[in-house]
Amino acid sequence: MKKAKGKRREAVLASLFYFPLFLLALASCLAFFGLLLLAVLTVLLTLVLAFFFRIFLGDDSPWKARSRAEDCATLLLLGALFLGSYLILSL
């Protein structure tokens with residue numbers, strides 16, 4: 001009986017040790033995939049905005065439209081990132 005109790009105590013202590021490591025690994029994976037998603041969204045938003053500037057605003061040069069689209073996409077995604085951070089921190 002005493003041996004079983006000691007094994008249970010070891011299991012509890014091991015789980016207390018490994019649980020923060022699990023949370024750290026989970027947070028790092030979520031951060032990696034979040035940054036990957038942010039990069040993909042930046043590229044897609046840049047392409048959509050470049051198409052919009054080229055067609056609807058009549059930018060003659062595709063480089064000018066692309067440059068303007070990159071600036072707008074960066075500002076929009078940074079604004080969304082700061083707004084999301086503010087909303088999460090305000091909870």
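Read the figures in this text as sums done on the coordinates, not as results from a lab. Nothing here was measured: the structure is a model prediction, and the numbers come from that model. Please note: Cβ atoms are built from the backbone with ideal geometry, for glycine as well, and neighbour counts cover all protein chains shown.
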- Item | Extension gain (nm, one decimal) between L41 and S90, 0.36 nm per residue minus Cα-Cα | 15.1 nm
- For the chain, calculate the relative contact order in percent as a whole number, restricting contacts to Cα pairs under 8 Å that are 6 or more residues apart. 21
- Note on the structure: Ranked output for segments 76-83, 46-53, 20-27 by mean other Cβ atoms within 10 Å, highest leading, reads 46-53, 76-83, 20-27
- Query: Taking a quarter of the surface of the convex hull around the Cα atoms of the chain, what do you get in nm²?
  - Reply: 8.8
- Hey, with R₀ at 22 Å, roughly what FRET efficiency would F56 and F33 work out to, going by the Cβ-Cβ distance, to 0.05? 0.05
- Message: If each residue of separation counts as 0.36 nm, what is the full-extension length gain between F22 and L78 once their alpha-carbon separation is subtracted?
- Response: 17.2 nm
- Relative to the longest principal axis of the C-alpha atoms of the chain, give the angle of the C-alpha long axis of helix 2-56, reported between 0 and 90° and rounded to the nearest 10°. 0
